[in-house]
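The values are calculated or read from the model by the stated rules, or taken from the named source; none is laboratory data. Note that the structure is predicted; figures quoted are calculated from it, not measured. Counting neighbours? That spans all protein chains shown, and the Cβs are built from the backbone with ideal geometry, glycine included.
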Amino acid sequence: MKKFILAAICIFSSVTLWAQAKTTDALQKQFDTSLSLYFYKNTLRMLNQTENKEFDELIKDIEKMKFLMVDKTSGNFGSNEYKKLMKDYQEEQYESIMTSRYQGRNFDIYVKDKKGSSLGTIVLVNDSTSLFVLDMIGTIDVTKAGTLFATIDESADIGKKIRSFMDRKNKKNEDKEDKSDH
């Protein structure tokens, strides 16, 4: 019985260590109009339609990834909220390791590690209209974070979901404007 309880505690502890960031979950709850998608290792591999060996190498250490998109055009998310978001990740023991620009977007990359092994990676992709969060259990070569984001963004199926989400948001905003004009 003691072995069973010990095993259960070990399993529970390892599951909680592998949980994704609470900050990402809070962001999703705060912006109920956000788009979220989940990817596991096998679904990430399916994005690699051209069977690019470099992409396979890039995703090999990702166990799970949450992709969250927040529409910033509603005016509810600005630079102060972004600064708070970065601070919240740091309070969760994520360390800022890289900031860069890629195709007109700002990238901020955070890593959470324990005893030398990376437990999580956060990639924030920020532009004037959207915030994208890639919350990963595992790690990637941070110098290639733009490549991972571009592959997800350019994927036919995922790209359709993103465009559909943005079109839906734009339609809602237009409807609100039409009602306020009357």
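Which count do you get for residues in segment 1-36 that are modelled with pLDDT of 80 or more and touching a Leu at 6+ places or on another chain (Cβ under 8 Å)?
6
Condition first: under 14 Å from MET136 (Cα atoms), touching a residue at least 12 places away in the same chain (Cβ under 8 Å) and not acidic (Asp, Glu). Can you find one or more residues in segment 73-80 that meet it?
Taking segment 73-80 first, the residues under 14 Å from MET136 (Cα atoms) are none.
No, every residue in segment 73-80 fails to be under 14 Å from MET136 (Cα atoms), touching a residue at least 12 places away in the same chain (Cβ under 8 Å) and not acidic (Asp, Glu).
Write out, first by first residue and then by second, each pair whose Cβ atoms fall under 7 Å of each other, whose residues are 6+ apart or on separate chains, and whose first residue, in segment 36-50, is in a loop (DSSP other than H, G, I, E, B) while the second is buried (at least 16 other Cβ atoms within 10 Å of the Cβ) and of a type outside the set (S, T, N, Q).
LEU47/ILE152; ASN48/PHE55
Determine, yes or no, whether ASP167 is among the charged types (D, E, K, R) and at pLDDT below 75. Spell out the reasoning first.
Details: among the charged types (D, E, K, R): yes; at pLDDT below 75: yes.
In short, yes.
Identify all residues within segment 33-92 that are of a type in the set (Ser, Thr, Tyr) and under 18 Å from GLU154 (Cβ atoms); write none if there are none.
THR43, THR50
So LYS114 passes all but one of these: (1) exposed (fewer than 15 other Cβ atoms within 10 Å of the Cβ); (2) free of Cβ contacts under 8 Å to residues at least 60 places away in the same chain. Which condition number does it fail?
Failed condition: (2).
Please enumerate the residues belonging to segment 26-77 that are of a type in the set (Ser, Thr, Tyr) and in contact with a strand residue (DSSP E or B) (Cβ under 6 Å, 6 or more places away or on another chain).
Within segment 26-77, the subset of a type in the set (Ser, Thr, Tyr) is 33-34, 36, 38, 40, 43, 50, 73-74.
Listed by number, the residues that qualify are SER34, SER36, TYR38, TYR40.
Please verify whether ASP153 is in a helix (DSSP H, G or I), modelled with pLDDT of 90 or more and either surrounded by 14 or more Cβ atoms within 10 Å (Cβ to Cβ) or small (Gly, Ala, Ser) (or both), treating the condition exactly as stated.
Details: in a helix (DSSP H, G or I): yes; modelled with pLDDT of 90 or more: no; either surrounded by 14 or more Cβ atoms within 10 Å (Cβ to Cβ) or small (Gly, Ala, Ser) (or both): yes.
No: the conditions fail for ASP153.
Out of the residues in segment 58-93 meeting the condition of being of a type outside the set (S, T, N, Q) and in a loop (DSSP other than H, G, I, E, B), tell me which one is surrounded by the most Cβ atoms within 10 Å (Cβ to Cβ). Can you show your working first?
Residues of segment 58-93 that are of a type outside the set (S, T, N, Q), as a first pass: 58-72, 75, 77-78, 81-89, 91-92.
From the residues that got through so far, the ones that are in a loop (DSSP other than H, G, I, E, B) too are 60-61, 72, 75, 77-78, 92.
Values: LYS60: 14, ASP61: 15, LYS72: 18, GLY75: 6, PHE77: 20, GLY78: 9, GLU92: 14.
Taking the candidates together, the pick is PHE77.
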